[in-house]
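First up is the structure itself, then whatever we jot down about it.
The values are calculated or read from the model by the stated rules, or taken from the named source; none is laboratory data. In this text, all values refer to a predicted model and were calculated from it rather than measured experimentally. Neighbour counts run over all protein chains shown; Cβ positions are idealised from the backbone, glycine included. The accessibility values were calculated without ligands, DNA or RNA, using every heavy atom of the protein model including side chains. Shrake-Rupley method; radii C 1.70, N 1.55, O 1.52, S 1.80 Å.
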Amino acid sequence: MKKKEPTFEERLARLQAIVATLETGESPLEESVTLYKEGLAHAAACRRQLEKARHDIRLCTEKGTEPFAGRDGEEE
């Protein structure tokens, strides 16, 4: 059976935990490198999920009244 992919929120929580661990500076070097690589993978996956969500919103609003705008108010 296919393994369930973590949700955006699960990935973000894990990424935050990794950052907190690395910021303490108490992990051995090899463990820190492993955590760093895992964090990069989670960050990339979150980025892909956000890009897909933005794309889906654009598709939904193409025929709607307003284009999707980012946080700063500029259209993306």
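Of all residues in region 4-20, exactly one satisfies the criterion of being β-branched (Val, Ile, Thr) and crowded, with 16+ Cβ neighbours inside 10 Å, namely Ile18. Residues of region 1-18 include at least one that is small (Gly, Ala, Ser) and modelled with pLDDT of 90 or more.
Within region 21-54, the set of residues being assigned to a loop (DSSP other than H, G, I, E, B) and open to solvent by less than 50 Å² (accessible area, probe 1.4 Å) comprises just one member, Ser27.
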